[in-house]
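A short worksheet on the structure shown next.
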Amino acid sequence: MKDFLKIVYSYALMVFLFPLRLFPVKKDRLVFAGLTGGDAYEYSCNPKYICEHIRREYPGRFALYWVVADPKRYQGKEGADITFLKHYSLRSFYYLMTAKVIVTSGSYAPWFPFRKQQYLINTWHGGGAYKRLKDNYEDANRLQRKKLAFCAENISLFLSTCKRATDYLFRGAFHYQGEILECGMPRNDSLVTGDTEGPAARVRAYYGIPQEDKLVLYAPTYRTPSQRIVLDGDALLKTLERDGTKWHILFRAHRYQNGGASICVTGSGILQAGDYPDMQELLCASDMMITDYSSAVWDYSFLYRPCFLFVPDLKEYLEKTGFYTDIHQWPFARAKNQKELESEIINYDAEAAREDIRRHHREMGSCESGHACECVTERILEVCK
């Protein structure tokens, strides 16, 4: 029923917005849309990094527009070349239908009636090819396939992080037959090149964390497990601080996880990172990450820092969701309970882990270049001649 309503909505919107097709497409106009889903529309992810690269390297070349949930949040960022628009407003529809290039991490592509002379770049919002998507072409019914086909027709270019993502996600799950640029994700450029000092300093300043202290980021992905998953923060800190080093725990629940009610971390002094505006900066600042099935493992792997999978519900997750790449092939230690997690941390072998990650990158066919922003910008300049 949901897919049917999306299709009906798309065609209804096409009729409603038809008058906007009388306005010409502007070659110097770019529109950006971040993460998909209600209030999640924000200045973020790959489109943000592409936008900032363009503003820095080609100042004044384009009129830049961002579709966000609340434009008031970005009043300090507006300038002569960038404007923030209210998501779903008629004004945002006008710019979406008159921009030569639209850059998105998933938003609008599945249902918006873009014009043939427009160029839609879908950067996607997850690296690697790990957890299975709920919308897979091979598993879809006739109506779901129609929706996926509509989405594929809208997209001019996909960005891919690795060969396996190209095969399993874009050619497979999305059944997309168009052009794929295998250059990696723009948001990962600084992780790949190791340019992390600036972002790390911003995170530490935001939370007031001294330079000599260390950070561990707990960032689980979205799901609804039948059991409540609890990470014992006090016990974790006791393990981490066994050599006298001071550690802090950052907890970033998935934006759809209702504040982390079913997946949480207990203990005193936990720093809530859900509202921090940039996940990549948190990765840059973290000396260790604990997650589960999140594609953030792909991004973080390029830092070659300790990463652990806390997966008490692994059996349930395998039955309900599953993976494109077997989790037992991931280069990160798995722990089904707190005791196993602490043991893996204590016995961590940095050199062995680095070699496992390198092997994993080879097996996945990594396309991360450290120059994705530059590659995408070159394509935009070419399209907008």
Q: Please specify each residue of the stretch 330-358 satisfying the condition of being touching a residue at least 24 places away in the same chain (Cβ under 8 Å), within 23 Å of the chain's Cα centre (by Cα) and over 25 Å from residue 227 (Cβ atoms).
A: 331, 357
Q. Which helices (runs of 4 or more DSSP H) does the stretch 274-360 wholly contain that include 2 or more residues that are more than 30 Å from residue 68 (Cα to Cα) and at pLDDT below 95?
A. 314-320
Q. Within the set of pairs 6+ apart or on separate chains, which have a first residue in the stretch 70-98 that is under 19 Å from residue 112 (Cβ atoms), a second that is in a helix (DSSP H, G or I) and of a type in the set (Phe, Trp, Tyr), and C-beta atoms under 6 Å apart?
A. 84/74
(Q) Looking for something buried (at least 19 other Cβ atoms within 10 Å of the Cβ), under 25 Å from residue 317 (Cα atoms) and at pLDDT 90 or above - is there at least one such residue anywhere in the stretch 181-200? (A) no
Q) Is it the case that residue 83 is buried (at least 18 other Cβ atoms within 10 Å of the Cβ) and on the phi < 0 side of the Ramachandran plot? A) no
Q: Exactly one condition in (1) open to solvent by less than 40 Å² (accessible area, probe 1.4 Å); (2) basic (Lys, Arg); (3) out of contact with any Asp or Glu (no Cβ under 7 Å at 6 or more places or on another chain); (4) farther than 21 Å from residue 367 by Cβ is not met by residue 147; state its number.
A: (3)
Q) Does at least one position in the stretch 143-154 carry a residue that is assigned to a helix (DSSP H, G or I), among the aliphatic types (A, V, I, L, M) and touching a Pro at 6+ places or on another chain (Cβ under 9 Å)? A) yes
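If only one of 139, 167, 189, 135 is of a type in the set (Asp, Glu) and over 25 Å from residue 327 (Cβ atoms), which one is it? Lay out the reasoning, then the answer.
Numbers: 139 fails: over 25 Å from residue 327 (Cβ atoms); 167 fails: over 25 Å from residue 327 (Cβ atoms); 135 fails: over 25 Å from residue 327 (Cβ atoms).
That would be 189, the only listed residue that is of a type in the set (Asp, Glu) and over 25 Å from residue 327 (Cβ atoms).
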Q. Can you tell me which residue in the stretch 261-315 is farthest from residue 239 (Cα to Cα), limited to those that are free of Cβ contacts under 8 Å to residues at least 60 places away in the same chain and in contact with a Pro (Cβ under 7 Å, 6 or more places away or on another chain)?
A. 262
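Residue by residue through the stretch 156-166, note down the ones that are closer than 15 Å to residue 376 by Cα and either crowded, with 22+ Cβ neighbours inside 10 Å or among the hydroxyl-bearing types (Ser, Thr, Tyr) (or both).
Selection gives 156, 158, 159, 160, 161.
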(Q) Condition first: of a type in the set (Ser, Thr, Tyr) and either within 20 Å of residue 190 (Cα to Cα) or in contact with a helix residue (DSSP H, G or I) (Cβ under 6 Å, 6 or more places away or on another chain) (or both). Now tell me which residues in the stretch 340-383 satisfy that. (A) 366, 369, 377
Q) If only one of 101, 31, 68 is crowded, with 17+ Cβ neighbours inside 10 Å, at pLDDT below 95 and either out of contact with any helix residue (DSSP H, G or I) (no Cβ under 6 Å at 6 or more places or on another chain) or closer than 21 Å to residue 187 by Cα (or both), which one is it? A) 68
Q.
I'm checking my understanding of the structure. Among residues of the stretch 364-380 that are in contact with a strand residue (DSSP E or B) (Cβ under 9 Å, 6 or more places away or on another chain) and either open to solvent by 30 Å² or more (accessible area, probe 1.4 Å) or part of a loop (DSSP other than H, G, I, E, B) (or both), which one is farthest from residue 295 (Cα to Cα)?
A. 379
Q.
Condition first: touching a strand residue (DSSP E or B) at 6+ places or on another chain (Cβ under 7 Å) and open to solvent by less than 20 Å² (accessible area, probe 1.4 Å). Now tell me which residues in the stretch 237-254 satisfy that.
A. 240, 249, 250, 251
Q) Which one is surrounded by the most Cβ atoms within 10 Å (Cβ to Cβ) among residues in the stretch 201-233 that are more than 19 Å from residue 295 (Cβ to Cβ) and polar (S, T, N, Q)? A) 227
Q: Only residues in the stretch 171-185 that are farther than 10 Å from residue 375 by Cα count as the first member; pair them with residues that are assigned to a loop (DSSP other than H, G, I, E, B) and open to solvent by 30 Å² or more (accessible area, probe 1.4 Å), Cβ under 6 angstrom, at least 6 apart or cross-chain, and list the lot.
A: 173/133
Q: Any chance you could count how many residues in the stretch 42-95 are in contact with a Lys or Arg (Cβ under 6 Å, 6 or more places away or on another chain) and within 17 Å of residue 27 (Cβ to Cβ)?
A: 1
Q) With respect to residue 116, is the statement that it is basic (Lys, Arg), under 30 Å from residue 63 (Cα atoms) and in contact with a strand residue (DSSP E or B) (Cβ under 6 Å, 6 or more places away or on another chain) true? A) no
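The values are calculated or read from the model by the stated rules, or taken from the named source; none is laboratory data. Bear in mind the structure is a predicted one, so any value in this text is a computation, not a measurement. Virtual Cβ from ideal backbone geometry, glycine too; neighbours counted across all protein chains shown. Side chains included, ligands, DNA and RNA excluded: accessible areas come from the protein's heavy atoms. Shrake-Rupley method; radii C 1.70, N 1.55, O 1.52, S 1.80 Å.
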